[in-house]
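A quick write-up on the structure given underneath.
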Amino acid sequence: MSSPNSPIKTMSLQPILTIDLFPVLEGKLIELLRCLRHDDWSRPTLAKQWTVKDVASHLLDGNLKRLSIHRDGFFGLQAPPRDGYDAFIAFINRNNAEWVQAARRLSPQVLIDLMEITSKQVYELFRGLDPLAPALWGVTWAGEKTSANWFDIAREYTERWHHQQQIRVAVDRPGISSRELYFPVLDTFMRGMPHAFRSVTAREGTVVEIQITGEAGGSWFVEKTDSNWRLEQHLSPADATLKMDQELAWRVFTKAVDAQRAAREVVIIGDRSLAMQALSLVAVLA
């Protein structure tokens, strides 16, 4: 039997169904925000130049955009023609910054009240979607132009989880590390690992294991096929294994810690250059 801190092999590549986790996660966020002191709201976070209040405002913006665009069909500002990933990201970053700037006029209480109302509406929206039907947006960081609803929703779950985690770190509150709420985040992140390896040349059949240790951890395997890399179930020895703690993992994959720093904190077995490539995964729009 595995100990609570030993990684558990990830043997299923089925859809990651996160819808019923949203009320639990959002409830924890509302509870956290309601107990913050006045000075907590201005604390800096891992989200670069954003404060706790800015991150909370960004989460509210996610709710409002999801409801306006996905539920109501109102697109407002149109993204520019896709001249490349960098241009698209610049558009996203500019819009995010404009919203956060405007939301600095709102009181924390107004933010909390709006968050509570809109989170429930987003949950109802997600509940009404066919998980296997095409989503409105593809999960870009996984290299998909078209994704199923379950993947888009799981991506949205990772956004809410990691931004809440940023707030918790900033105000020195315990993180959300239970397997129930954190494992789906890691599992969703790993669906982008083949895209992170897309430029890596290796012989067919080469296997890289990414092993996350801790209560919510697991092992994921990417294998080189004749034309690309795929996330696979695998039991045979890997050509390279990268091991990292679950607390480091989310910071790496959301760009809170760069690969160079992370390399000093991970364990690598086998081909080092192959294992290091796993640290290039960025599971956010950045």
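With a 1.4 Å probe and every protein chain left in place, work out the accessible area per residue of the stretch 143-237 in Å², rounded to a whole number. Display every interim value, and only then the final one.
On the way: 3540 Å² over 95 residues.
Accessible area per residue: 37 Å².
Can you tell me the orientation of helix 149-170 relative to the chain, as the angle in degrees between its alpha-carbon axis and the longest Cα principal axis, to the nearest 10?
Here the helix axis deviates by roughly 70 degrees.
With every protein chain left in place and a probe of 1.4 Å, what is the accessible surface of S177, to the nearest 10 Å²?
Surface accessible to solvent at S177 totals approximately 50 Å².
How big is the gap, in Å, between the Cα center of the stretch 224-286 and the Cα center of the stretch 91-108?
So the two Cα centres are separated by 33 Å.
Straight-line reach from K53: which lysines have Cα under 19 Å away, leaving out those fewer than 8 places along the same chain?
Partners within reach: K28, K65.
Quick one: net charge around Q277, please, counting Lys, Arg +1 and Asp, Glu -1 for every other residue with C-beta under 11 Å from its C-beta.
Around Q277, the charge tally is +1.
For a Förster distance of 30 Å, can you work out the FRET efficiency between the beta-carbons of N228 and F88, rounded to the nearest 0.05?
Numbers: r = 22 Å, r/R0 = 0.75.
So the FRET efficiency works out to roughly 0.85.
What is the helix-to-structure angle for 108-127, meaning the angle in degrees between its Cα long axis and the longest Cα principal axis of the chain, kept from 0 to 90 and rounded to the nearest 10?
Long axis of 108-127 versus the principal axis of the chain: about 60 degrees.
Accessible area, 1.4 Å probe, largest first: how do K48, K120, K28 sort?
Details: K48 155, K120 135, K28 75 Å².
The most accessible residue leads, giving K48, K120, K28.
When the solvent-accessible surface of protein heavy atoms is calculated with a 1.4 angstrom probe, in what order do E209, E180, E159 fall, highest first? Write down the numbers at each step before the final one.
Numbers: E209 20, E180 115, E159 40 Å².
My answer, sorted largest first, is E180, E159, E209.
Using alpha carbons only, how many degrees (0 to 90, rounded to 10) separate the axis of helix 22-34 from the longest principal axis of the chain?
50
Express in nm, to one decimal, how much length is gained between E265 and S177 on full extension, taking 0.36 nm for each residue of separation and deducting their alpha carbon distance.
On the way: separation 88, 0.36 × 88 = 31.68 nm, distance 1.91 nm.
Stretched out fully, the E265 to S177 stretch lengthens by 29.8 nm.
Taking the full set of protein chains and a 1.4 angstrom probe, give the accessible area of R155 in square angstrom, rounded to the nearest 10.
Probe radius 1.4 Å; accessible area of R155 about 40 Å².
For the chain, take N as its residue count and report Rg(C-alpha) divided by 2.2 N^0.38 Å. All intermediate terms of the calculation are to be shown ahead of the outcome.
Numbers: Rg = 19.1 Å, N = 286, 2.2 N^0.38 = 18.9 Å.
This ratio for the chain stands at 1.01.
How far apart, in nm, are the 7 Å Cα→Cβ label points at D258 and T146?
3.9
How many nm is it between the label spots at N95 and I69, if each spot is 7 Å from the Cα in line with the beta carbon?
The two pseudo-label positions are separated by 0.4 nm.
Quick check: at a probe of 1.4 Å, how many percent of the accessible area of the chain sits on carbon and sulfur atoms?
For the chain, the apolar C and S fraction of the accessible surface comes to 53 percent.
Enter the accessible area of W99 (Å², nearest 10), with the probe set to 1.4 Å and all protein chains included.
The value for W99 is about 70 Å².
Just to confirm, what accessible area per residue do you get for the stretch 38-97 at 1.4 Å probe, in whole Å²?
Details: 3430 Å² over 60 residues.
Roughly 57 Å² per residue, with all protein chains present.
The values are calculated or read from the model by the stated rules, or taken from the named source; none is laboratory data. From a predicted model like this one, the values you see are computed outputs, not experimental measurements. FYI the Cβ positions are ideal-geometry reconstructions off the backbone, even for glycines, and counts take in every protein chain you see. Ligands, DNA and RNA are excluded from the accessible area calculation, which covers all protein heavy atoms including side chains. Shrake-Rupley method; radii C 1.70, N 1.55, O 1.52, S 1.80 Å.
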